[in-house]
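Let me begin by presenting the structure, written as C-alpha cells, before commenting on it.
Just so you know, all these numbers are worked out from the coordinates, no wet-lab data involved. Quick caveat: nothing in here was measured; it's all calculated off a predicted structure. Cβ placement follows ideal geometry from the backbone for every residue including glycine, while neighbour counts extend to all protein chains displayed.
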Amino acid sequence: MLRFRSLLIGALLLSAGPALAQAPAAPATPPPTPMGLTSSSFTDGGIIPDKYTQAVPAPISPALAWTGAPAGTQSFTLIMHDPDTAPGHNSTDILHWMAFNIPATVLSLPEGVPTTPALADGTVQPNNFGKHPGFMGPGARGAVYHHYTWELFALDTKLSLGPDATREQVLAAMNGHVLGKAAVSGRFHRPLM
C-alpha cells in the first residue's frame, strides 16, 4: 500500500510539472526612464535664435527643462560648450556656461538666468571663456554653423567648490558621482563682417 501511494504521488507530480512550468512569470520591472533635456527656445539640432547669441548686444540664456532624474539625485550640473572650436590649437573647446549645485528639486531654468556667480537657490556659476560668470551666447563667425551643446548631469552629491572653480575642477569633482546625463544642441553662425 505504501508503495502504491508513492507511485500515485510521483505520477501526480509528473503530470503537474508541465502546468507548473507554464505558470506566467512575474512582470519585469521596467527600466528607468532616461533623462531628457529640452529647450522651448529652440529645437534640438535647430538654429538658435539671435536673442540668445552674440548677434545681439546683450544675449540671454535660453529656457531649459529636464525630466527623468534618477533616484538619489542631490544636484545637477549644466555645461554648455562649443565642441567645434579648438582655441590655442589644443583639445579644449570654448566654455559658454557652467552652473553646478542646481538643487535636485529644480527641473528647469527660465529664459534669462542672471549672470551672477551665485543664484539665490545655491546654484554656482563660474566664469565662462569670456571670463564672466553665467551664460555667454554663441558667437561663431564664418560660413559654417557651430554646434552648441548643453549637457546636464544628475549627481548624487553637491560639489564643494566655489565660483572660482574651473571646468577641469568641476569635472574632476563630478567623477564617480554622475547618476545620469542628458544633452540638447543647437546651431549658430554669423557672417564675417
Taking only pairs six or more apart or across chains, which ones have beta-carbon atoms under 9 Å, a first residue in segment 66-90 that is under 21 Å from residue 137 (Cβ atoms), and a second residue that is among the charged types (D, E, K, R) and not in a loop (DSSP other than H, G, I, E, B)?
77/151; 78/151; 79/151; 79/167; 80/151; 81/151; 81/167
Can you name every residue in segment 76-120 that is surrounded by fewer than 21 Cβ atoms within 10 Å (Cβ to Cβ) and polar (S, T, N, Q)?
85, 90, 91, 92, 105, 108, 115, 116
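This table checks each residue for (1) closer than 17 Å to residue 94 by Cβ; (2) in contact (Cβ under 8 Å) with a residue 24 or more places away in the chain; (3) buried (at least 18 other Cβ atoms within 10 Å of the Cβ).
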| residue | (1), (2), (3) |
| --- | --- |
| 140 | yes, yes, yes |
| 143 | no, yes, no |
| 146 | yes, yes, yes |
| 151 | yes, yes, no |
| 155 | no, yes, yes |
| 168 | yes, no, no |
| 177 | no, no, no |
| 181 | no, yes, no |
